[in-house]
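Undergrad: One structure follows; several queries about it will come next.
The values are calculated or read from the model by the stated rules, or taken from the named source; none is laboratory data. These figures come from a predicted structure and were not determined experimentally. Note that we place each Cβ from the backbone using ideal geometry, even for glycine, and neighbour counts take in every protein chain shown. Note: accessible area is taken over every heavy atom of the protein model, side chains too, but ligands, DNA and RNA are not part of it. Shrake-Rupley method; radii C 1.70, N 1.55, O 1.52, S 1.80 Å.
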Amino acid sequence: MSVLLDNMSMMGLNSFLALIPLLFGLLMVKTRQPLLQVAFALLWFSFLPNTLYILTDLRYLPEQWTAMHHFGKIALAVQYLMYELFGVSSFLLALYPLEKLLVRSHWRKKQVVLTVCLIVVNFCIGFGIVLGRVQRLNSWDIFVNVPNVIQASFQIVSSVELMLLVVLFGVFANGFYFVWRKCWAISTTLASKSK
């Protein structure tokens, strides 16, 4: 049972960090002042990787699983299931403000711009996950420890293995997001036809 309690602090902090881009995304869409919109967008973008970062915490599950007995394994599975669902949900919801802003824009080829922006942002999320998981940096380091962020970024870019990890996370984020969007579009179309 101590494993479950120990997880609460890690899961609580990471869940809180995953909520931050939802807040700044909402503020980014609601404000009409360009300067504030840019500030909220930068904060949104900086904390966005925390959403999918939660999935990387699954690496602790196998070791914790072996330390648990029957009831504890069920509780641990439920704990991780809820945590991972929260991470995936926060990821999907955090990208919505970007879509809303781009749809509201005056570009002619909105769909192309939207798709390209989402693809790039998802690869940036992959980069942010590697900064956090491998380089052990936090989102706020972008504001308080810029030299370390720059150094860690150069280390990632200069490492084939780390860049492959960035690509892997980026491909996963893009695949997951665009499959979810397609499924959502199909389900809403079917729902509207059944009315």
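Undergrad: Rounded to the nearest 20 debye, what is the charge dipole size of region 60-172 about its Cα centre when +1 sits on each Lys and Arg Cβ and -1 on each Asp and Glu Cβ?
TA: On the way: 8 positive and 5 negative charges, 109 e Å.
Charge dipole of region 60-172: 520 debye, to the nearest 20.
Undergrad: Can I ask one more? What trypsin sites (Lys or Arg not before Pro) does region 74-118 have in DSSP loop regions with at most 14 other beta carbons within 10 Å?
TA: Details: sites: K100, R104, R108, K109, K110; in loops: R108, K109.
In loop regions of region 74-118 (DSSP not H, G, I, E or B), the sparsely surrounded trypsin sites (Lys or Arg not before Pro) are R108, K109.
Undergrad: So for the pair N138, Q37, with labels modelled 7 Å out along Cα→Cβ, what separation do we get in nm?
TA: Output for this residue pair reads 3.2 nm.
Undergrad: OK, next. To the nearest 10 degrees, how steeply does helix 34-47 sit against the main Cα axis of the chain, on a 0 to 90 scale?
TA: The answer is roughly 30 degrees.
Undergrad: Ok, one more. From largest accessible area down, sort Y60, Y53; use a 1.4 Å probe on the protein chains.
TA: Numbers: Y60 75, Y53 30 Å².
Result, largest first: Y60, Y53.
Undergrad: Which angle from 0 to 90°, rounded to the nearest 10, does the C-alpha axis of helix 146-157 make with the longest principal axis of the chain?
TA: Taking the Cα atoms of the chain, the angle to 146-157 is about 90 degrees.
Undergrad: How big is D, in µm² s⁻¹, for the chain by Stokes-Einstein at 37 °C and 0.692 mPa s if Rh is the Kirkwood radius over C-alpha pairs? Write down the numbers at each step before the final one.
TA: Values: Rh = 18.3 Å.
Estimated diffusion coefficient is 179 µm²/s.
Undergrad: Then there's this: Taking H placed 1.01 Å from N in the peptide plane, check which residues at least 5 places from V134 or on another chain put their amide H under 5 Å from its amide H.
TA: Excluding prolines and chain starts, which carry no amide H, there are no hits.
Undergrad: Any number yet on Rg/Rh for region 44-139, C-alpha, Kirkwood?
TA: 1.13
Undergrad: Can I ask one more? Can you compute the charge dipole magnitude of region 116-195 about its Cα centre, using +1 on each Lys and Arg Cβ and -1 on each Asp and Glu Cβ, nothing else charged? Give it in debye, rounded to the nearest 20.
TA: Details: 6 positive and 2 negative charges, 107 e Å.
About 520 debye.
Undergrad: Check the chain and count each lysine pair with an alpha-carbon distance under 18 angstrom, considering only pairs eight or more places apart or from different chains. Working shown, then result.
TA: Details: K30/K100; K100/K109; K100/K110; K100/K182; K110/K182; K182/K193.
Going through the chain pair by pair, I get 6.
Undergrad: Which Cα, out of S158, V29, V171, lies furthest along the positive dipole direction of the chain (beta carbon charges, K/R +1, D/E -1)?
TA: After comparing all options, I get V29.
Undergrad: Also, quick follow-up: Of I74, S15, V3, whose Cα points farthest to the positive end of the dipole of the chain (charges on the beta-carbon: +1 Lys, Arg; -1 Asp, Glu; origin at the Cα centre)?
TA: Going by the charge dipole, the pick is S15.
Undergrad: Roughly how tilted is helix 160-193, in degrees to the nearest 10 and between 0 and 90, from the longest Cα axis of the chain?
TA: Approximately 70 degrees, to the nearest 10.
Undergrad: Arrange the peptides 91-98, 122-129 so that the one whose residues have, on average, the most other Cβ atoms within 10 Å appears first. Walk me through the numbers before you get to the answer.
TA: On the way: 91-98: 20.4, 122-129: 22.0.
Peptide ranking by packing, descending: 122-129, 91-98.
Undergrad: Roughly how many debye, to the nearest 20, is the charge dipole of the chain about its Cα centre, given +1 on each Lys and Arg Cβ, -1 on each Asp and Glu Cβ, and no other charges?
TA: 1100 debye
Undergrad: Given the C-alpha centroids of region 67-133 and region 169-189, what is the distance between them in whole angstrom?
TA: Rounded to whole Å, the Cα centres lie 11 Å apart.
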